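Asks: Sharing a structure, written as C-alpha cells. Questions coming.
The values are calculated or read from the model by the stated rules, or taken from the named source; none is laboratory data. What you see is a predicted model, and the numbers here were worked out from it, not measured in a lab. Note that each Cβ is placed from the backbone with ideal geometry, even for glycine, and that neighbours are counted across all protein chains shown. With ligands, DNA and RNA removed, areas are computed over all heavy atoms of the protein, side chains included. Shrake-Rupley method; radii C 1.70, N 1.55, O 1.52, S 1.80 Å.
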Amino acid sequence: MAPSVYSRAVRKAAELLGGREKLSRTLRVPLAEVEKWIADKGKPPREVFLRVVDLIIDDSGIADASGPADAPPAKDASASPAWLD
C-alpha cells in the first residue's frame with residue numbers, strides 16, 4: 001500500500017525543517033505523534049495538517065510565484081472614460 005498524502009506531507013515537512021524533532025517543535029506536537037503520522041498509523045488533525053502544507057509551500061517557493069505575471073492586464077489609456085480626461 002502506498003503512503004498516504006498525510007504521511008508523505010509530514011515526512012516532507014520534517015525533511016525540509018531538518019528532522020522530525022524540529023517538525024515536532026515547530027508544530028508543537030509530541031514527537032510520538034509525528035512518528036505515528038509518518039508511519040501511517042494515524043493522520044494529523046486538519047489544522048496541523050494545514051500547517052504542514054504551509055511549511056512545504058513556504059519552503060518550495062510556491063507562495064512566491066504570484067506576482068506581476070498574475071496581475072490583471074493594464075487597460076489601454078485610450079479606453080478610459082471621458083470623465084477621466
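Asks: Any chance you could count how many residues in region 20-48 are in a loop (DSSP other than H, G, I, E, B) and either within 18 Å of SER60 (Cβ to Cβ) or acidic (Asp, Glu) (or both)?
Replies: Adding up the residues that qualify gives 1.
Asks: Here's something else I'd like to know. I need every pair where a residue in region 1-13 that is of a type outside the set (D, E, K, R) has its Cβ under 8 Å from the Cβ of a residue that is open to solvent by 80 Å² or more (accessible area, probe 1.4 Å), sequence separation at least 6 or different chains.
Replies: PRO3/ARG11; SER4/LYS43; TYR6/LYS43
Asks: Scan region 11-55 for residues that are among the hydrophobic types (A, V, I, L, M, F, W, C), open to solvent by 40 Å² or more (accessible area, probe 1.4 Å) and over 22 Å from MET1 (Cα atoms) and report the count.
Replies: Selection size over region 11-55: 7.
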